[in-house]
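Worksheet: one structure, shown below.
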Protein chains: 2
Amino acid sequence: MQLPSSLLENAVNEFSKLPGIGKKTALRLVLHLLKQDVGEVQHFGDTISRMRQDIKFCQRCSNISDADICSICANRMRNQHLICVVENIRDVIAVESTQQFNGTYHVLGGVISPLDGIGPDQLNIEGLVNRIQHEAVEEIIFALNPNIQGDTTIYYIQKKLQNTSCKVTTIARGIAFGGELEYADEMTLARSISNRLPVGQYVK
Amino acid sequence: MQLPSSLLENAVNEFSKLPGIGKKTALRLVLHLLKQDVGEVQHFGDTISRMRQDIKFCQRCSNISDADICSICANRMRNQHLICVVENIRDVIAVESTQQFNGTYHVLGGVISPLDGIGPDQLNIEGLVNRIQHEAVEEIIFALNPNIQGDTTIYYIQKKLQNTSCKVTTIARGIAFGGELEYADEMTLARSISNRLPVGQYVK
């Protein structure tokens, strides 16, 4: 694609570096911005730059934050003795949007995946163990994606916590609400049978 | 969607103003940028701001340009007496990418569309008429989208040019290459029959 201006071309190249955005979409976005006021586009650019520059990660749980301690860790109304362990910030947002969890989080920054070259040392596991040893944590709930990497990570961390009195749980795995039994894979179905619940209990 | 940081939220809001980008996609893009270097994201923001601030529109044809006159108008190797009239800059890029056109362009900035409140005065028609009167233009080729608005615009401009000797043509309309006759609408098929060409001629 031959563009008539190098300024335009640079902007299109920058946009097309973003995931899921090709050259044609990038051009559409840039031409849209070109129709906006200079001030508005300036504000767009500044907001993005400032976000990257000023954003902090919570020193306690590694969640995204405006301050040194995130709003969830700083909130005394939340149960500070309950930790939900997640892979990344997107998962924090997903769990928060259920409005069913009143504890704090711990963001690992990934899961153990030898094939991708990610070992326990690259993850925020040390911080989690520290918190459990020093913060009188009663329970940690693993909310990791249900796959081999997630299970390996749970197993690894659980081993590290054997000498503590902290309760370790994981979110339930089974047939999703609205899902159909005949299309579920065998492993999920088998697990959901072996982890069956009394009928009164599953809608607490 | 509850976000843990106002900086993050502002960035997501800015991205979700762009066409075709919702809140979830915006969040994905912002979290991607968050993984990049500070300098790289700064460069992203600056490139977008600079593009909007410094970009110019060619004084002759209204195409996007880095200088007062765009590279196509300034190129003496191109036929300066042949003008392709298009609706917007995207269409310039589309025609250029065929590598079949060696003339110049004229960007109208839209088409006459009373329903959207766009009349001839809001378009760059005056500039086109001026060019034809002063630049010894031999032919103008309309490359507008084949719909009522496009046809109205062609009709309006053609009326204005009645007293000039300039030849007025429009790009061929017919069955697209790779298209199937049975799915073509009746109007297109009827036109392609009435505008039929000798067999030797259509692959010039």
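Yes/no per residue for (1) assigned to a helix (DSSP H, G or I); (2) within 15 Å of the chain's Cα centre (by Cα):
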| position | (1), (2) |
| --- | --- |
| B:Asp91 | yes, yes |
| B:Ala94 | yes, yes |
| B:Val111 | no, yes |
| B:Leu115 | yes, no |
| B:Asp121 | yes, no |
| B:Ile154 | yes, no |
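Screening B:Ala94 on (1) touching a helix residue (DSSP H, G or I) at 6+ places or on another chain (Cβ under 6 Å); (2) of a type in the set (A, V, I, L, M, F, W, C); (3) modelled with pLDDT under 90 shows it passes everything except condition (1). Residues in region B:50-78 that are of a type in the set (Ser, Thr, Tyr), part of a loop (DSSP other than H, G, I, E, B) and facing chain A (nearest Cβ under 7 Å): B:Ser71 alone.
A quick yes/no check of all residues on (1) touching a residue at least 40 places away in the same chain (Cβ under 8 Å); (2) surrounded by fewer than 16 Cβ atoms within 10 Å (Cβ to Cβ):
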{"position": "A:Met1", "(1), (2)": "no, yes"}
{"position": "A:Ala11", "(1), (2)": "no, no"}
{"position": "A:His32", "(1), (2)": "no, yes"}
{"position": "A:Glu40", "(1), (2)": "no, yes"}
{"position": "A:Phe44", "(1), (2)": "no, no"}
{"position": "A:Ile64", "(1), (2)": "no, no"}
{"position": "A:Ala67", "(1), (2)": "no, yes"}
{"position": "A:Met77", "(1), (2)": "no, yes"}
{"position": "A:Gln80", "(1), (2)": "yes, no"}
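Number of residues in region A:28-49 that are more than 7 Å from chain B (Cβ to nearest Cβ), over 30 Å from the mean Cα position of the chain (by Cα) and in a helix (DSSP H, G or I) equals 3. Of all residues in region A:13-34, none satisfies being farther than 30 Å from B:Val92 by Cα and outside the structural domain of A:Arg131 (by TED's automatic domain parsing).
Name the one entry in A:Val85, A:Val95 that is buried (at least 17 other Cβ atoms within 10 Å of the Cβ), within 11 Å of another protein chain (Cβ to nearest Cβ) and not charged (D, E, K, R). Testing whether each residue is buried (at least 17 other Cβ atoms within 10 Å of the Cβ), within 11 Å of another protein chain (Cβ to nearest Cβ) and not charged (D, E, K, R) leaves just A:Val95.
The values are calculated or read from the model by the stated rules, or taken from the named source; none is laboratory data. Being a predicted model, the structure only gives us computed values, none of them experimental. So basically every Cβ, Gly included, is an ideal-geometry build from the backbone, and we count neighbours across all protein chains shown.
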